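Each value in this text was obtained by applying a stated rule to the coordinates, not by laboratory testing. Everything numeric here is computed off the predicted structure, so don't read it as measured data. Quick reminder, even Gly has a Cβ in these numbers, built from the backbone with ideal geometry, and neighbours come from all protein chains shown.
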Amino acid sequence: HQGQQEGQQARQMAPGVKHIIAVASGKGGVGKSTVATNLVLSLSLLGLKCGIMDADIYGPSQPRMLGITGRPQSEDGKILKPMQNYGISCMSMGFLVAEDAPMIWRGPMVQSALQQMLRDVEWGELDVLVVDMPPGTGDAQLTMAQQVPLSGAVIVSTPQDIALLDARKGLNMFRKVDVPVLGIIENMSLFVCPNCGHESHVFGHGGAKTEAERLGCDFLGEIPLNIDIRETSDSGRPITISNPDSPHSKAFAEIAGKV
Ligand code: ADP
């Protein structure tokens with residue numbers, strides 16, 4: 001019953017948003033933010049009106065990845081307007097604090113910041129709001145999973161065992177609170193040497209697919225380890241925007257189609 005009440009309260013948080021989809025990983029550095037950015041851009045290219053909420057309070061990366069600087073404005077001093085680029089509405093703690101300032105916050109402060117990002121931001125009418133989750137299964141993740149009416153969650157993992165072990169924990173957390181897991185994405189899957197074309201599986205290969213089968217959820221696709229993906233993300237022009245015809249952008253588009 002409490003969960004239901006919280007769900008109702010949360011629904012008023014972003015009233016015009018049809019679907020909220022969490023992009024999560026059990027472990028940091030597996031490319032969750034990179035996937036979230038390219039996924040939201042691919043969904044937008046499919047004609048959906050999209051936004052991204054950067055819930056990674058301690059390490060926000062969406063401002064840099066989407067190439068957005070500046071501060072969100074407010075007309076009444078309470079409700080913030082999300083920032084915009086490439087047709088995507090975006091809100092991130094990164095707009096509100098200096099890039100090199102550490103967020104020295106305890107759990108309850110993170111929880112209230114996340115709620116405010118949904119309640120006190122004018123998201124407007126959106127088909128999909130993608131949430132770039134913080135890594136792990138702590139306070140912030142539980143807040144999002146329990147108090148926000150998520151339509152589903154996507155789990156990002158690299159192919160190696162340790163990342164998959166953490167991904168499994170993330171997946172089980174969503175299942176425990178009855179959020180549908182839409183599937184697993186394997187990132188940094190294959191590396192093709194740009195000089196000689198030799199293929200290597202730096203972090204292994206196929207682990208996420210096997211794991212998805214084992215856990216009874218969908219495998220959404222794999223994204224290679226590729227320098228263009230990193231460089232375009234770092235420069236604020238993600239590959240989906242800067243080179244929509246590249247095979248990597250097509251891989252993201254295919255995943256977006258399944259989500
Ligand atoms: P997380 O959100 O899981 O911490 P990020 O998305 O910030 O991870 O990615 C960590 C680093 O790895 C970033 O520098 C990013 O550009 C890079 N990266 C992510 N995915 C890929 C990929 N498929 N190929 C190359 N570099 C990648």
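Can you report the number of residues in the range 183-203 which are assigned to a strand (DSSP E or B) and in contact with a helix residue (DSSP H, G or I) (Cβ under 8 Å, 6 or more places away or on another chain)?
Pass one, the range 183-203, residues assigned to a strand (DSSP E or B): 183-187, 191-192, 199-200, 202.
Next, from what is left, pick out any that are in contact with a helix residue (DSSP H, G or I) (Cβ under 8 Å, 6 or more places away or on another chain): 183-187.
Residues that pass the stated criteria total 5.
For the range 211-259, what are the residues that are charged (D, E, K, R) and surrounded by 21 or more Cβ atoms within 10 Å (Cβ to Cβ)? Even if it seems obvious, please write down each step before you answer.
Residues of the range 211-259 charged (D, E, K, R): 211, 213-214, 218, 222, 228, 230-231, 234, 237, 245, 250, 254, 258.
The answer is Glu211, and nothing else.
Residue-wise test of (1) surrounded by fewer than 22 Cβ atoms within 10 Å (Cβ to Cβ); (2) within 16 Å of the ligand (Cβ to nearest atom); (3) not hydrophobic (A, V, I, L, M, F, W, C).
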| position | (1), (2), (3) |
| --- | --- |
| Gly26 | no, yes, yes |
| Asn38 | no, yes, yes |
| Lys49 | yes, no, yes |
| Leu96 | yes, no, no |
| Asp100 | yes, no, yes |
| Met103 | yes, yes, no |
| Ala113 | yes, no, no |
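Here are some conditions: (1) more than 12 Å from the ligand (Cβ to nearest atom); (2) under 18 Å from Ala24 (Cβ atoms); (3) part of a loop (DSSP other than H, G, I, E, B). Arg175 meets all but one. Which one does it not meet?
(3)
How many residues, within the range 42-53, are more than 16 Å from Ser112 (Cβ to Cβ) and not in a loop (DSSP other than H, G, I, E, B)? Write out each step before concluding.
First, pick out the residues of the range 42-53 that are more than 16 Å from Ser112 (Cβ to Cβ): 42-52.
Still in the list and also not in a loop (DSSP other than H, G, I, E, B): 42-45, 50-52.
Qualifying residue count, the range 42-53: 7.
Residue-by-condition table, conditions (1) touching a Lys or Arg at 6+ places or on another chain (Cβ under 8 Å); (2) farther than 26 Å from Ile223 by Cα; (3) among the aromatic types (Phe, Trp, Tyr):
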site: Leu41; (1), (2), (3): no, no, no
site: Gly59; (1), (2), (3): no, no, no
site: Met65; (1), (2), (3): no, no, no
site: Glu75; (1), (2), (3): yes, yes, no
site: Ile79; (1), (2), (3): no, yes, no
site: Asn85; (1), (2), (3): no, no, no
site: Cys90; (1), (2), (3): no, no, no
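Which number in (1) among the polar types (S, T, N, Q); (2) more than 13 Å from the ligand (Cβ to nearest atom); (3) buried (at least 22 other Cβ atoms within 10 Å of the Cβ) marks the one condition that Thr69 misses?
The one condition Thr69 does not meet is (3).
Can you tell me which residue is farthest from Asp245 (Cα to Cα) among those in the range 216-234 that are within 12 Å of the ligand (Cβ to nearest atom) and assigned to a loop (DSSP other than H, G, I, E, B)?
Within the range 216-234, the match that is farthest from Asp245 (Cα to Cα) is Leu225.
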